[in-house]
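Read through the structure below, which is laid out as structure tokens, and then see the notes.
The values are calculated or read from the model by the stated rules, or taken from the named source; none is laboratory data. Just so you know, these numbers come straight off a predicted model, no measurement behind them. Cβ atoms come from the backbone with ideal geometry, glycine included; neighbour counts cover every protein chain shown. Heads up: the accessible areas ignore ligands, DNA and RNA and are worked out on the full protein's heavy atoms, side chains in. Shrake-Rupley method; radii C 1.70, N 1.55, O 1.52, S 1.80 Å.
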Amino acid sequence: MKIGIDLDGVVFDSEKEFRIYAELYDIYDLKRNSTIDRQALRFQERFDWTEEEENKFLERYHEKIVRESNYMPGAKMILKMLKEEGHELIIITARGGINKEMKAITGERLKEDGMDIFDKYYFAVQNKGEVCEKESIDVMIDDLRENCQKVSERKIKTIYFKDAPSYNMEENEYVKVMYNWGEVYRYIKETN
């Protein structure tokens with residue numbers, strides 16, 4: 001089975017790190033409460049920051065977050081199990097779009113952690129549906145509802161990995177909502 005996998009919020013718990021540092025940045029650097037949508041997953045939609053404020057936040061914290069964020073519980077173990085069982089694992093991520101250095105930093109980190117197990121890497125992806133279709137992905141795992149909608153509209157099975165405050169999504173034939181890597185593993189075993 002070909003499995004497409006997002007990084008942030010799926011393999012790495014970086015989305016929570018972003019939210020923590022964004023709150024601190026808003027409190028201490030901007031000295032205000034700019035929160036406009038607590039359910040928004042990405043800080044760009046969560047806060048009413050100017051583009052300059054967003055850029056300053058990224059300059060200060062982006063690399064730190066990518067280097068420090070933990071793996072999602074069970075991610076390393078389950079991904080290694082899936083690889084050993086013969087599944088093709090393909091990273092499809094927007095990471096590297098804002099900061100090109102993130103691609104190299106991510107590669108270093110995966111190698112250091114013994115997680116350089118992926119068959120292909122797609123960085124700075126804006127349209128994950130296109131990549132999934134091109135690669136004939138059987139299941140895509142993502143934590144952003146909009147990505148799951150776009151991929152599932154192409155009749156590709158999609159796991160909406162929901163581990164943070166975010167918007168709900170109705171399940172259907174092509175979208176399943178899951179909350180941990182154990183559920184993901186069970187789904188893949190049953191679908192394969």
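For Met72, the residues 5 or more places off, or on other chains, whose built amide H falls under 5 Å of its own are Phe12, Asp13. Spin-label model, Met115/Ile36: points 7 Å from Cα along the beta carbon direction are separated by 3.2 nm. From helices alone, the chain scores -12500 deg cm²/dmol at 222 nm; the rule is -39500 (n - 2.57) for each run of n ≥ 4 DSSP H residues, then divide by the residue total. Just check the range 133-192 against the gyration tensor rule for me: Cα atoms, a ≥ b ≥ c as the square roots of the eigenvalues, rounded for a/c under 1.5, and otherwise prolate or oblate depending on whether a/b exceeds b/c. Note, shape of the range 133-192 comes out oblate. The alpha carbons of the range 40-192 give a radius of gyration and a Dmax of 15.9, 47 Å, in that order. Across the range 30-37, rounded Karplus estimates of 3J(HN,Hα) from the backbone phi angles (6.51 cos²θ - 1.76 cosθ + 1.60, θ = phi - 60°) give 8, 6, 7, 10, 9, 5, 10, 7 Hz, Gly and Pro being marked x.
Charges were assigned to the Cβ only: +1 to each Lys and Arg, -1 to each Asp and Glu. The resulting dipole of the chain about its Cα centre is roughly 240 debye.
Annotation: amide H-H contacts under 5 Å for Asp143 (H modelled 1.01 Å from N, sequence separation of 5 or more, or interchain): Phe161. Roughly what percent of Cα-Cα pairs across the range 1-118 reach past 25 Å? That fraction is 29 percent.
Within a straight-line Cα-Cα reach of under 13 Å, Lys83 can be paired with the following aspartates and glutamates, leaving aside sequence neighbours fewer than 8 residues apart in one chain: Asp116, Asp119. Phi angles of the range 138-144 translate, via the Karplus equation with coefficients 6.51, -1.76, 1.60 and θ = phi - 60°, into HN-Hα couplings of 8, 9, 10, 10, 8, 9, 9 Hz per residue; Gly and Pro are given as x. Rounded to the nearest 10 degrees, what's the angle between the helix 101-112 long axis and the longest principal axis of the chain, both from Cα atoms, 0 to 90? Rounded to the nearest ten degrees, it is 50.
Any idea what angle helix 51-68 forms with the longest principal axis of the chain, computed on alpha-carbon atoms, 0 to 90 degrees, nearest 10? So the helix axis and the longest Cα principal axis differ by about 50 degrees. Among the trypsin sites (Lys or Arg not before Pro) in the range 1-74, those placed in a DSSP loop whose Cβ has at most 11 other Cβ atoms within 10 Å are Lys31, Arg32, Arg38. Only protein heavy atoms count here; under a 1.4 Å probe, Thr106 has an accessible surface of about 0 Å². For the chain, the longest principal axis of the C-alpha atoms and the axis of helix 75-84 are separated by about 30°.
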